[in-house]
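Here is the structure we will look at, set down as structure tokens.
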Amino acid sequence: MPGPKIGVYVCHCGSNIADKVDMDALRDFAGELPDVVVSRDYKYMCSDPGQDLIKADIKEYGLERVVVASCSPRMHEPTFKRACEVGGLNPYLMEMANIREQCSWVTVDRGGATRKAKALVRSAVNKARLLEPLEDKSVPVDPKTLIVGGGIAGIEAALKIAEAGYKVYLVEREPSIGGQMAKLDKTFPTLDCAACILTPKMVSAAQNPNITLLTYAEVEDVSGYVGNFEVTIRKRARGVDEKLCNGCGTCQEKCPIKVPNEFEEGMGLRKAIYTPFPQAVPNKPVIDRENCTYYKTGKCRVCERVCPPQAVRFDQEDEIIKERFGAIIVSTGYQPFDPSVGKQWGFGRYDNVITGLQFERLSNASGPTGGKVLLKDGTEPKAVAILHCVGSRDKNYNEYCSRICCMTSVKFAHLVREKTGAKVYDLYMDMRTFGKQYEEFYNRVVAERDIYFIRGKGAEIMEDPVSGGLLVRVEDTLLGVFREIPVDMVVLNVAMCPRPDAQEVAQKFGIQRSADGFFLEYHLKLEPMKTANEGVFIAGTCQAPKDIPDTVGQGAGAAAEALKVVLLGKVTVTPTTAEIRETLCSGCRMCIPLCPYTAISFNEAKGVAVVNEALCKGCGTCAASCPSGALRVRHFDNRQLLSQIEGVCAE
Amino acid sequence: MTDARTKGAGPKAGLEGGTEPEAGAALKYSFFPGCSLHSTAREYHETAVKSMAALGVELEELEDWNCCGATALSSADTLLSYALPARNLAMVAEVGRPLAVACNSCFVTLNRANAVMASDTPWRKKVQEALAAIGRRLTRPVEIRHTLHILRHEVGLDRLREKVTRRLEGLKVAPYYGCQIARPRHQWGDPELPVEMDEVLAATGAEVVRYDRKTKCCGGALMTTKEDIVLSINEELLREAKARGADIIAVCCPMCQMNLDAYQGKINSRFGTDYSIPIVYYTQLVGFALGLDEAEMGFSRGFVPATKYLRKYA
Amino acid sequence: MTENVTAKGGQGGGPAWEPKVVAIFCNWCSYTGADLAGISRLKYPAGLRIVRVMCSGRVSPAFVLKAFHEGADGVLVGGCHPGDCHYLEGNYKTLKRKLVFERLLEQFGIEKTRFRLEWISGGEGDKFARVANELIKEIEALGPLGSVAERLRQADGLSLRAEGGAGSA
């Protein structure tokens, strides 16, 4: 019996494939394979003329199967499926051979690459021969979006979606939204104050009726899939009735307990009942139960007595919220590098060695010093060193560049000069001022008096045991000399790192991490907000270090991705699910406990297993265990895969 | 205070001469003294062997050992700089016991040869050929321990405290490790600020002062060629010790001891200072604290004698 | 563009023996990781060829035996790291099946080191390239599967052909 008519299309991908694989030989080889009626090669199969070749051949040759040998199916499978569909062929009758990412780009010699490409094409033709037409199904989408992380990325995404008229839940772990940006003083390159540009957005987020703001809350569990994620959120007990509280602040004034304020990077104090900063949104305090006297001893309750609207609730319990969402945006931000792990910087040992965020708080008018740049003893510094690349571009810590530190350092240099009479020494490895108006800002600061830019990595900070002053050691790579610079304050511009719970969060949302620990985008350049988990998007510094403009851009971009899901109103569900061939099923029930989605049940009357195709995701774990071969995964069935294995092995 | 590296203290799998010492049983090591310990640093040699013996650790001197080549050789002849220490390691492997080393420079040089034996660089083969030419054989790295590490982790602080009969209460000691011992990352808690000697000295009852320059370089052999620079960095080392109130500086390297001690007078005349800080080996202090004969601890051997600070404990 | 031109005779001059490894990779992690190795232009021998499945849990013993039956000198199964499975726990099932695979291979006189299970995430292109090179080096040391494959080919009662038999679903 003659097999189905197959057409094979070999893509040069410009020179990406053609440089390593003999295109003529591959095309001719494919033409000789059984059932192949036409084989062609073309410079760019993904281009319109390339796709037109397929469409035309489907009509002309009556093709029943199409094989495209080109890049990874992760790149262009949808493109060629669509081309087939337009050409009148069921899209599931198309198979790809990955001869770029997994052949031409990874093989040293042309002979080997050509042999491998042939094997991959034969394998794809083998599978194509056995493919069957399948129909996509669709299910309705819940029109709500969940945004996890209320920094500037999450806020931006929430506003965009809400302004488009769709519902958003914005979940933030801290008592207020705002994220790291809320801590900053001035922002580069324009030097507008962070609060001035962030606060209006925070307030809009709180006031928009389409946004449900859940602060002091965390996502506990995520199940389901694109269009219908089922999410459990724990809203921690604030100890304050948010509806009654009017944010007057009397409780915070009267609370007798003082502890270091996380928001002030450990430099200021807060009370046990507190809002982290004056512009907090919502402007409703929380009770820190670990430090509150009442939770420790059962006594005090001062805040409760002084609260004018009687909003304090010591017995408030965590609230569990279960909601369904069509799309999810993860914007959980970054963790600043802890410089105390590198003893050479003296952080934690020397009082006046501080991090960039600590400097932001010192320089911020609402910070612990009221905006004055001061030493620990309250005096003004006379010389300040600013170190770039602390924990970045350093194989001992993080190999990547954190991108913001050069501009932050230049900004700090300017602020030190503006606020003090101190000399500034800026120690940089390379000055990377890459953004719009960044180089101009740098040039402006370079021209300021008493700022010395020294090209070299700050290697070590020592204390003069006699004077108590600091000594920064650096190799000045432009002068070719070793320098020791006496200063009284050192600012460490530390790396942006993945958050310590990044792995846990990644697993919760079914996303992956790249080698640097940040969340992995679907495509570094072309799909920076998508993840491997459809319907889950990422934005901001959880994906990689970035500055505010890029973070905001990604927030808006992720909003567009989420809107695309909810606006369509339905999602396509893959038909490549498992099915049971009842005549073969022996009723052993081995498959039932293996299914992670409990999609397989047992029909007592018939004595056979039954697959609920609405629940099945098509992983195929059941089929791998079925002793009688009754379980079959569409598009990845035994015959198809065995024939593929045959294909890659044959010579 | 970190105790995190104790896990690394036991002999590692795949090492030659790595017999696991049983808990409580006597520990026995092959001992590589090195050239300095036979000449300028005799007191280090003697007090290391004696105080270790008092703590149940036997250091058996490796027979027919040769110079490790020190740090200078690697810039003159790379193969020889691996092969010289490798000969010693081959003999250690024959004895079958882990190796103890007291001198920091030897420790680094021997470890470097060890690293070559663990690598798959062409040097490994060349070193093996060189050894074969003299009828010796080394296939794998051997286990190397610094005596300070043995004191801290194998003997342990509890045992040390137990055995101390003269508590050095009130003696202010600056712990100076030198630049070689903790780098790149041998067996120490932190390559910039190790604490192992601090802990050992504290166990003798001494007051260990903060000493931020504990791993800064002493200039080493550069004293003979770049005296100006080396005098000034030694002045800085002494300056901090004095500022922190140290009576004496404890060292674990013959080179550091020599630079800080023998050149102290020169430093004083060059910089107009009046340092008079004895530089002693930690083993001298440990042995003394363990009750060993004061005369045998060599406190009077230094250019700046330590006797006046220690007499009161005798 | 040429249509249906006759293929050139033979395979062209290749090395005397090049280890052949069938890699069966899950779509979400390992296959993506292998793509990343390509994007990063890392190199590994052309004898390693990847077959894509949706989840490593899909890999049945028949696939592994089939690969050896067809002349593979080694088999590499790749899945997501524990806890990262796109289908929650398919990789755990694979991990359990590894024991079955190994015992099965030993019964056929196939060194179990010819089979390898690795967790390779979508971000671990470098790990994939390292594993691929390592495995091929190990298999080179073992030599071709050769006569063992012949024994397996003659083994009775195994339905490994693409057509017919219980494994033919």
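How much of the DSSP bridge set in segment A:335-497 is antiparallel, in percent, rounded to the nearest 5?
40 percent
Find, among the chymotrypsin sites (Phe, Trp or Tyr not before Pro) in segment A:1-95, those assigned to loop by DSSP (not H, G, I, E, B) with at most 15 other beta-carbon atoms within 10 angstrom.
A:Y44
Hey, got the average number of other protein chain Cβ atoms within 10 angstrom for residues in C:39-50?
Counting Cβ atoms of other protein chains within 10 Å of each residue's Cβ and averaging gives 6.
If I fit a long axis through the Cα atoms of helix B:227-243 and take the longest principal axis of the Cα atoms of chain B, what angle between them do I get, 0 to 90°, rounded to 10?
Tilt relative to chain B: about 60 degrees.
A:K258: which lysines have alpha carbons under 27 Å from its alpha carbon, excluding same-chain residues fewer than 8 sequence positions away?
Cross-link targets: A:K183, A:K235, A:K243, A:K271, A:K284, A:K296, A:K299, A:K372, A:K376.
Mind checking the angle between helix B:42-54 and chain B's longest principal axis? C-alpha axes, 0 to 90 degrees, to the nearest 10.
80 degrees
Any idea how far the Cα center of segment A:344-375 sits from the one of segment A:603-649, in Å?
Cα centres, segment A:344-375 to segment A:603-649: 62 Å.
In peptide A:73-85, how many Cβ atoms from other protein chains are near each Cβ within 10 Å, on average?
If you average over the peptide's residues, the count of other-chain Cβ atoms is 1.
Projected onto the charge dipole of chain A (+1 at Lys/Arg Cβ, -1 at Asp/Glu Cβ, origin at the Cα centre), which of A:A97, A:V86, A:A544 gives the Cα projection farthest towards the positive end?
Value: A:A544.
When DSSP assigns beta bridges and you keep just the ones with both residues in the protein assembly as shown, what percent turn out antiparallel, to the nearest 5?
Details: 51 of 138 bridges.
In the protein assembly as shown, approximately 35 percent of DSSP beta bridges are antiparallel ones.
For segment B:30-68 and segment A:381-439, what is the centre-to-centre distance using only Cα atoms, to the nearest Å?
When both Cα centres are located, 50 Å separates them.
Across the residues of A:120-128, average count of Cβ atoms on other protein chains within 10 Å?
So the per-residue partner count for this stretch is 1.
Find out how many positive minus negative residues lie around B:T40, taking Lys and Arg as positive, Asp and Glu as negative, among other residues whose Cβ is under 12 Å from that of B:T40. Don't skip to the answer; put the middle values down first.
On the way: positive: B:R42, B:R301; negative: B:E43, B:D261.
Taking every other residue near B:T40 into account, the sum is 0.
Pick out the long, greasy-scoring helices in chain A: whole DSSP H runs spanning 24 Å or more along their own axis by Cα, mean Kyte-Doolittle at least 0.5.
Qualifying helices: A:548-568.
Which residue, A:P73, A:N210, A:H414, has the largest displacement toward the positive end of the dipole of chain A when charges sit on each Cβ (Lys, Arg +1; Asp, Glu -1)?
In chain A, that residue is A:N210.
So what is the calculated 222 nm ellipticity per residue for chain A, using -39500 (n - 2.57) for each DSSP H run with n of 4 or more, over all residues, to the nearest 500 deg cm²/dmol?
-8500 deg cm²/dmol
From the Cα gyration tensor of segment A:335-497, with a ≥ b ≥ c the square roots of its eigenvalues, which class applies: rounded if a/c is under 1.5, or else prolate if a/b is larger than b/c, or else oblate?
Details: a/c = 1.22, a/b = 1.07, b/c = 1.14.
It comes out rounded by the Cα gyration axes.
Based on other C-beta atoms within 10 Å, arrange A:H76, B:H146 from fewest to most.
Lowest count first: A:H76, B:H146.
Rounded, prolate or oblate: which fits chain A, taking a ≥ b ≥ c as square roots of the Cα gyration tensor eigenvalues, rounded meaning a/c under 1.5, else prolate when a/b beats b/c?
It is oblate, given that a/c is not under 1.5 and a/b is not larger than b/c.
Any chance you could run the full-extension gain for A:S223 through A:E504? It's 0.36 nm times the residue separation minus the Cα-Cα distance, nm to one decimal.
That pair, A:S223 and A:E504, stretches by 99.7 nm at full extension.
Do the sum for chain B: with -39,500 (n - 2.57) for every DSSP H run of n ≥ 4, divided by all residues, what is the mean residue ellipticity at 222 nm, to the nearest 500 deg cm²/dmol?
Result for chain B, helices only: -11500 deg cm²/dmol.
Take the alpha carbon gyration tensor of segment B:28-147, find the square roots of its eigenvalues, order them as a ≥ b ≥ c, and report rounded if a/c is under 1.5; if not, report prolate when a/b exceeds b/c, else oblate. Write out the running numbers ahead of the final one.
Details: a/c = 2.22, a/b = 1.60, b/c = 1.39.
Prolate, since a/c reaches 1.5 and a/b exceeds b/c.
Roughly how many debye, to the nearest 20, is the charge dipole of segment A:250-306 about its Cα centre, given +1 on each Lys and Arg Cβ, -1 on each Asp and Glu Cβ, and no other charges?
Dipole size: approximately 380 debye.
Just to confirm my numbers, what's the Cα centroid distance between segment B:151-189 and segment B:206-247 in Å?
Each part's Cα centre sits 19 Å from the other's.
In percent, what relative contact order does chain A have, based on Cα pairs under 8 Å that are 6 or more apart in sequence?
This gives 13 percent for chain A.
What is the set of long-range amide H partners of A:T355 at a cut-off below 5 Å, with H atoms built 1.01 Å from backbone N?
A:L492
So for the protein assembly as shown, taking the charge dipole from beta-carbon charges (+1 Lys/Arg, -1 Asp/Glu), which of A:C591, A:L641, A:C193 sits furthest toward the positive end?
A:C591
FRET efficiency for A:L375 and B:K266, Cβ-Cβ distance as r, R0 = 35 Å, nearest 0.05?
My answer for the efficiency is 0.40.
If the only charges are +1 at each Lys and Arg Cβ and -1 at each Asp and Glu Cβ, what is the size of the charge dipole of segment A:335-497 around the Cα centre, to the nearest 20 debye?
The calculated dipole for segment A:335-497 is roughly 300 debye.
Just want the ordering: C:W17, A:W105, C:W28, B:W65, from fewest to most Cβ atoms lying within 10 Å of their own Cβ.
The most exposed by this proxy come first: C:W17, B:W65, A:W105, C:W28.
Who wins for biggest fluctuation among B:D261, B:D190, B:D158 in a Gaussian network model of chain B, springs between alpha carbons below 10 Å?
Between B:D261, B:D190, B:D158, it is B:D158 that shows the largest mean-square fluctuation.
The numbers here are math on the coordinates, done by the rules we state, and not lab data. Just so it is clear, the model here is predicted, and its values are computed rather than measured. Positions of Cβ are backbone-derived with ideal geometry, glycine not excepted, and every protein chain shown enters the neighbour counts.
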